[in-house]
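S.K.: Okay, handing you the structure first.
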């Protein structure tokens, strides 16, 4: 039977069990005159971040309080489904060697939370994401992956900035033989640079004999 694993190798990840949360600013990080990091400072003043010409809707309290920036999601479910289908094609093209793996950084949030049967991990940097996702790409490529066929899927819009996509996928070779079937749940959020997958939960896999 085939067995796909998420190999961490030397990548540094942070255990998510009971500890996933907001990262504290790095010591010595540049701040403005009010002591606010530049990105948060721009949001507090209502300045649009890169990739969002209209800018976020912000709710700012007194100085020193956390400022939240809300970006309107493409949300309705139809738009989420279309975006997700494009993601699956991007992923397949990367495995087939038709696109570089860096393309997937346009699909994943950083940090990215990944949960599997063995536990949960928080991939805190873009390099962490590329390293861990790259192991999956290499394994699928070694088994002759050509593309994914959706067995079933459902999108639930949670609020104006996030949605959940549940997906059953059959992964196939070029001769249409099946590599495996996997059940995944994705949390998709809106960011200043567009929709991104923030959480991937793997909760079922059935492998076929080659």
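A short reminder: the numbers here are calculations on the coordinates, not readings from a lab. Keep in mind it's a predicted model, so treat the numbers as computed, not measured. Cβ sites come from the backbone with ideal geometry, for glycine too, and all protein chains shown count toward neighbours.
S.K.: Roughly how many nanometres apart are two label points built 7 Å out from the Cα toward the Cβ at residue 158 and residue 135?
M.R.: Modelled inter-label distance: 2.5 nm.
S.K.: With viscosity set to 1.567 mPa s at 4 °C, what whole-number translational diffusion coefficient in µm²/s follows for the range 73-207 from Stokes-Einstein and a Kirkwood radius over Cα pairs?
M.R.: My calculation gives 85 µm²/s for D.
S.K.: If I model a spin label as a point 7 Å beyond the Cα along the Cα-Cβ vector, how far apart are those points for residue 143 and residue 90 in nm?
M.R.: 2.3 nm
S.K.: Please label the shape of the range 121-171 as rounded, prolate or oblate, based on the square roots a ≥ b ≥ c of the eigenvalues of the alpha-carbon gyration tensor (a/c under 1.5 means rounded; beyond that, a/b larger than b/c means prolate, else oblate).
M.R.: oblate
S.K.: Taking every DSSP beta bridge that has both residues in the range 73-207, what percent is antiparallel when rounded to the nearest 5?
M.R.: Antiparallel bridges make up about 90 percent of those DSSP assigns within the range 73-207.
S.K.: Related question: Could you give the length gained by full extension between residue 125 and residue 106, i.e. 0.36 nm per residue of separation minus their alpha carbon distance, to one decimal place?
M.R.: 5.5 nm
S.K.: Distance in nm between label sites at residue 150 and residue 118, each 7 Å beyond Cα in the beta-carbon direction?
M.R.: The modelled label-to-label distance comes out at 3.1 nm.
S.K.: At a Förster radius of 25 Å, what calculated FRET efficiency corresponds to the Cβ-Cβ distance of residue 176 and residue 203, to the nearest 0.05?
M.R.: The pair residue 176/residue 203 has a calculated efficiency of 0.45.
S.K.: Order these by the 10 Å Cβ neighbour count, fewest first: 203, 143, 152.
M.R.: 152, 203, 143
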